[in-house]
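The values are calculated or read from the model by the stated rules, or taken from the named source; none is laboratory data. This one's a predicted model, so the numbers in the text were calculated from it and none came from an experiment. Glycine also receives a Cβ, built like all others from the backbone with ideal geometry; neighbour counts cover every protein chain displayed. The area values use the complete protein model at the heavy-atom level, side chains included, leaving out ligands, DNA and RNA. Shrake-Rupley method; radii C 1.70, N 1.55, O 1.52, S 1.80 Å.
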Amino acid sequence: MTFLQQYPKAAKVAKANFIVAFIALAIGGFFGFVQALHRTNMFRGFFNSGEYYTLLTGHGVLLAIIFTTFFIAGLFVWGVTRSLEREPENMAFTWSWFWLMVVGLVMATVAILGGLVPGSSIRAAVLYTFYPPLQAHPLFYFGLVFVIVGSWMAGADWFRSYLKWRKGHPSERIPILTFMALFTMLMWYVCTIGVALEVLVLLIPWSLGWVTEIDPLLPRTLFWYFGHAVVYFWLLPAYYVWYAILPKLSGGRLFSDSMTRVVFVIFLILSTPVGYHHQYADPGISVGFKFYAMATTLLLLLPSLITLFTVVASMEHGARQRGGKGYLAWIGKLPWDSPAFAGCALAGIMFAAGGFSGMINASMNINLLIHNTLWVPGHFHLTVGTAVALTFMAISYWLIPQLTGRKLKFKTLALIQPYTWFLGMTLMSNAMHRAGLAGIPRRTAEPEYTGFEFEAVFGTIAEMKWQIGIGGTILFISLILFLWVITASWMAGEKSDQPVNDHIPEPLSGPEHTPAVLDNIKLWLGLAILLVILAYSFPLFEMVQDGLFSPGALPRPS
């Protein structure tokens, strides 16, 4: 039986979330394609440079916030329902958080797209980071509030299902699919406190004209309290796929249940205190707290390395079940002709490359060499733009048949799609990293400066521009292939009681070998909150001594 047949209510919710996610992906991806052509001066017939920043905002918000949040919601509805073997507890509540997020999405999108309407007072060209001095229409901020509150309600929905399940299974370990979803949401609850305070207390009153001045450092700090941890909110669902589903797609089983739980616990504890590493260049924050952020950021290499070992070991086990031999020859026995496997595996390879550039970003002194250059979006597109986005697209080839009861169509196009994405991102991100080393700035429609020429470390600036433009074009073609395959499969695929093999085998080392303390939610949440307090209490206290809305003023004498 398909997931649709077993849990029709949950399937309907998951499908609704995926539909919204894919629409956001389509619009945001088109905006990214236009930016790649405009910024490199390959083609500027779509929009002018003034409108570029509206597109840049739409690209960031629709992909980094909307696409990810809705896809994660659909993925977790599937995973929690499947692993707990129960439909959502209250469908009215479940649909309420979905529609609240949709309303928020519409509000924020209307505010962004208003910037493309001549003479419109509704606009939000504030980029993905949306902190002062750039100001958006209040509609944008209220929309973000609705999306965040809706996501909180979604997490509460899954915790409610878990607590109901726990009453009937008091001594059992938390099923691994539910465990990963709950710990991801715990981290989300902790990190979104910052952006909620920023938007509700500072930005909305400011955008409504209730206050005329605002301290730029405080909202910037509150944003980055959230702004780096949100990367792990995107990344952990990719880990969710790599740990739970990729081993099965490889032909084997997850190597270790224990290591999976350890990784998610570490991310809960360490994800939020790292925000200051985005503020190394900011005055007003002591070097000691920046060093604290650098240390915790580098400590996050540990769960990534554990993931590298565990996922590769799981894939090797699968390859050897398929007849793989030797130290490396087993790699050739992996199912590279499966679009779901190929996409997830290529995403993992790209994430490893992103980890190396991420170490540069995290290092306090070296970061200053690439701060605010094209290196940063080059890194971002390796991690979120490929490790996360390509994983989400690839696993859709495996999930959508379960939710629709229809077989995947155009399998050849589906197989081509992850390889074209990998190629396009390799070209674009490689050029972005090298352009960053040459000092070319990011976030600018016109990155040229009068009387100044950028000098490439190797290659030429013209060649880098062409790589970015060509890479962005290939990525857009890959996106069209994905949307075509998913839409055709969803609408016209052949109906089947078993469109894919959705059985997930037990791990080689299961929960019976896992320390029970790893399931102690209260312990790990308390430790995460303690580390956040140590990182942020004193700096935030210093920032508000002169008042919330007093930009640049010295603390009042006692």
Report task. Pairs only if they're at least six apart or on different chains, beta carbon under 7 angstrom, first in region 299-320 and more than 30 Å from His277 (Cα to Cα), second surrounded by fewer than 20 Cβ atoms within 10 Å (Cβ to Cβ) and of a type outside the set (D, E, K, R); list them, first residue then second. Result -> Glu316/Trp330; His317/Leu508; Ala319/Trp330; Ala319/Ile331; Arg320/Trp330
Query raised in the report: Which one is least open to solvent (accessible area, probe 1.4 Å), of the residues in region 401-443 that are farther than 27 Å from Leu127 by Cβ and part of a loop (DSSP other than H, G, I, E, B)?
Result: Gly405
Query raised in the report: When the residues of region 16-53 are filtered to those that are of a type in the set (Gly, Ala, Ser) and more than 27 Å from Tyr397 (Cβ to Cβ), which remaining residue is surrounded by the most Cβ atoms within 10 Å (Cβ to Cβ)?
Result: Ser49
**Report entry** Residue check for Glu89: surrounded by fewer than 24 Cβ atoms within 10 Å (Cβ to Cβ), of a type outside the set (Phe, Trp, Tyr) and touching an Asp or Glu at 6+ places or on another chain (Cβ under 8 Å)
**Finding:** yes
Query - Selection count where residues are of a type outside the set (S, T, N, Q), modelled with pLDDT of 90 or more and open to solvent by less than 50 Å² (accessible area, probe 1.4 Å), scope region 295-311 - result: 3
Query raised in the report: Residue check, Thr373 against (1) of a type outside the set (A, V, I, L, M); (2) within 30 Å of Gly288 (Cβ to Cβ); (3) exposed (fewer than 15 other Cβ atoms within 10 Å of the Cβ), all met but one. Which one?
Result: (3)
**Report entry** Check on Thr391, open to solvent by less than 30 Å² (accessible area, probe 1.4 Å), of a type in the set (S, T, N, Q) and touching a Cys at 6+ places or on another chain (Cβ under 6 Å)
**Finding:** yes
Query - Per-region count, region 99-108, residues surrounded by fewer than 23 Cβ atoms within 10 Å (Cβ to Cβ) and either aromatic (Phe, Trp, Tyr) or touching a residue at least 60 places away in the same chain (Cβ under 8 Å) (or both) - result: 2
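A quick yes/no check of all residues on (1) at pLDDT below 90; (2) more than 29 Å from Ala340 (Cβ to Cβ):
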position	(1), (2)
Trp421	no, no
Gly424	no, no
Gly436	no, yes
Thr444	yes, yes
Glu448	yes, yes
Requested in this report: Return the only residue of Glu494, Glu463, Glu446 being free of Cβ contacts under 8 Å to residues at least 40 places away in the same chain and either under 26 Å from Phe33 (Cβ atoms) or open to solvent by 50 Å² or more (accessible area, probe 1.4 Å) (or both).
Outcome: Glu463
Requested in this report: With the condition kept exactly as written, say whether any residue in region 400-408 is under 16 Å from Tyr240 (Cβ atoms) and out of contact with any strand residue (DSSP E or B) (no Cβ under 7 Å at 6 or more places or on another chain).
Outcome: yes
**Report entry** Unique match (being closer than 27 Å to Ser478 by Cα and hydroxyl-bearing (Ser, Thr, Tyr)) among Thr109, Thr81, Thr2
**Finding:** Thr109
Report task. Tell me which residues, restricted to region 208-251, are touching a helix residue (DSSP H, G or I) at 6+ places or on another chain (Cβ under 6 Å), small (Gly, Ala, Ser) and not in a helix (DSSP H, G or I). Result -> Gly251
Query raised in the report: Just checking, which of Ile112, Ile72 is touching a residue at least 60 places away in the same chain (Cβ under 8 Å) and either crowded, with 21+ Cβ neighbours inside 10 Å or touching a Lys or Arg at 6+ places or on another chain (Cβ under 9 Å) (or both)?
Result: Ile72
Requested in this report: Could you check, for region 355-370, whether at least one of its residues is farther than 19 Å from Gly471 by Cβ and buried (at least 24 other Cβ atoms within 10 Å of the Cβ)?
Outcome: no
Query raised in the report: In the list Gly385, Gly378, which residue meets the criterion of being open to solvent by 10 Å² or more (accessible area, probe 1.4 Å) and in contact with a helix residue (DSSP H, G or I) (Cβ under 9 Å, 6 or more places away or on another chain)?
Result: Gly385
Query raised in the report: Across region 353-400, what is the total count of residues that are under 30 Å from Lys411 (Cα atoms) and modelled with pLDDT under 90?
Result: 2
Requested in this report: Among what's in region 140-154 and is within 17 Å of the chain's Cα centre (by Cα) and not small (Gly, Ala, Ser), pick the residue that is surrounded by the fewest Cβ atoms within 10 Å (Cβ to Cβ).
Outcome: Trp152
Query - Test for Phe476: is it aromatic (Phe, Trp, Tyr) and open to solvent by less than 40 Å² (accessible area, probe 1.4 Å) - result: no
